[in-house]
Amino acid sequence: MELMFKKVIIILIIVFGVTGCLPKPKSRTGDFNAVVLDSLTKEPVPGVNVSIGDKADTTDLMGKFSLVGLDPGEYRLKMERSCYRAKELSYNHLGKPELVRFYLQPNEELSGRIVYSLYKSKIDRELYVLDLRTRSCSKLKELPDTDETNPCWVGTELIAFQKGRGDSATIQFLNPKSQGIEFFGAGEHPSLDQTGNNMVYKLNGAIIKYEPQTGNIPYTAKGWNPVISRKGSKVAYTKGDRLSLYININGSEVSFTPGGDFKLDNPCWSPDGTKIAFEVYSDAEGQRAIYYIQEPFWSAIMQPITKPTGPKEQHRHPTWSGQENTIYFSANIVYTSRTDIYMVKIGSNFEWIMVSKGSGSKDYPCWGE
């Protein structure tokens, strides 16, 4: 027994003596795995051009990139994408496979607020507001039956919205500060000018132009999804077949028909009332893009604003900001299972930036000051 114990001791001395003399292992060559996130929303940023040393990659839809077989050491890392400030920094790569996070800052401070309908299921829609400067969002009011859609700013103090759908739909007004609710009546898809003195909405398949201050109804027309210009003199809408866009100017109707198998929906006016943006699609379940036309509308040529890439990528519900070249819209670009709110500038080569954050689909955005 004593002899056996001595043998064990001798073996341990030899083992530890040899290993103690061995050189320390070198850092191994390994993949560099990272994700690029928006500094305000903490959401992924796709399409970032990344270079480190003599290697390069582009982030995928989830903001991730991977550089294979990168030797450990100190590197200069560069990240560039439109709508964001370019970033360059020193990075010490240790050869470990853990995911590294980087943040890019948007290159423009946005202004205004977007009211939208957030839902996590088809029976749970509620109104939220997004502060574009900070990207913070908050629920406007806890309302019963939670089915609020098609919100619209009335100046800067009131929000009109649709509650319910079909024959049971009503239009109501919400004051975000006082939290007061005012019932208007039956109808869908309310839209008001910047003064609140002119209103349009849909009721029983008809577009109704209404003057809230006087109670007058200047005209009615057959159609869907009406929207009024900010000065209140022009109304754009579609009709049942969605093959044309109709514009009513002070009671006189003109139309724009692009031809082909295009369908048009959900128009919105530019701040000066000379342009209209709208959805364009051929297959209701397929791609949808946003185009615009400008006066004279009946002879206009459609110009693209967005360019979907996925087979079922849909860009919907455009809303013009206070700037003539800036549009917000809802889409399922980064996350295919939900819609988020994006911003795009006309003539920017279709480059967009996601401005919303968090779970749930964010639809029917409407920009306001």
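Just one of (1) over 19 Å from I249 (Cβ atoms); (2) touching a residue at least 24 places away in the same chain (Cβ under 8 Å) fails for Y219. It is (1).
You will find that of L132, L140, the residue that is in contact with a Phe, Trp or Tyr (Cβ under 9 Å, 6 or more places away or on another chain) and modelled with pLDDT of 95 or more is L132 and no other.
Residue-wise test of (1) crowded, with 21+ Cβ neighbours inside 10 Å; (2) among the hydrophobic types (A, V, I, L, M, F, W, C); (3) out of contact with any helix residue (DSSP H, G or I) (no Cβ under 7 Å at 6 or more places or on another chain); (4) not in a strand (DSSP E or B).
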site: P258; (1), (2), (3), (4): no, no, yes, yes
site: L264; (1), (2), (3), (4): yes, yes, yes, no
site: P267; (1), (2), (3), (4): yes, no, yes, no
site: F278; (1), (2), (3), (4): yes, yes, yes, no
site: I290; (1), (2), (3), (4): yes, yes, yes, no
site: K307; (1), (2), (3), (4): no, no, yes, yes
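Could you grab the pairs with beta carbons closer than 7 Å, sequence gap of 6+ or different chains, first residue in region 48-62 and within 20 Å of T336 (Cα to Cα), second one among the basic types (K, R) and buried (at least 17 other Cβ atoms within 10 Å of the Cβ)? Every condition considered, the pairs that remain are V48/R81. Figure legend. Inter-residue proximity from region 322-338: first residues free of Cβ contacts under 8 Å to residues at least 60 places away in the same chain and closer than 17 Å to G112 by Cα, second residues of a type in the set (D, E, K, R) and part of a loop (DSSP other than H, G, I, E, B), beta-carbon distance below 8 Å, spacing 6+ or different chains. Indicated pairs: E324/D272. Screening the candidates N92, N150 for the property of being free of Cβ contacts under 8 Å to residues at least 24 places away in the same chain and outside any loop (DSSP other than H, G, I, E, B) yields one hit, N92.
Applying the condition of being closer than 13 Å to L110 by Cα and either assigned to a strand (DSSP E or B) or acidic (D, E) (or both) to region 321-347 and asking which residue is nearest to the chain's Cα centre (by Cα) yields Y342. Determine whether D265 is of a type outside the set (A, V, I, L, M), closer than 20 Å to R242 by Cα and more than 20 Å from the chain's Cα centre (by Cα). It is false that D265 is of a type outside the set (A, V, I, L, M), closer than 20 Å to R242 by Cα and more than 20 Å from the chain's Cα centre (by Cα). Just one residue in the set G215, G196 is within 27 Å of C137 (Cα to Cα) and not in a strand (DSSP E or B); that residue is G196.
Residues in region 171-199 that are touching an Asp or Glu at 6+ places or on another chain (Cβ under 9 Å) and surrounded by 21 or more Cβ atoms within 10 Å (Cβ to Cβ): I171, L174, N198, M199. For region 321-340, a residue qualifies if it is β-branched (V, I, T) and either at pLDDT below 95 or surrounded by 23 or more Cβ atoms within 10 Å (Cβ to Cβ) (or both), and the qualifying residues are I327, T336, T339.
The values are calculated or read from the model by the stated rules, or taken from the named source; none is laboratory data. What you see is a predicted model; the values in this text were computed from it and never measured. With ideal geometry, Cβ positions are generated from the backbone for all residues, glycine too; neighbour counts draw on all protein chains shown.
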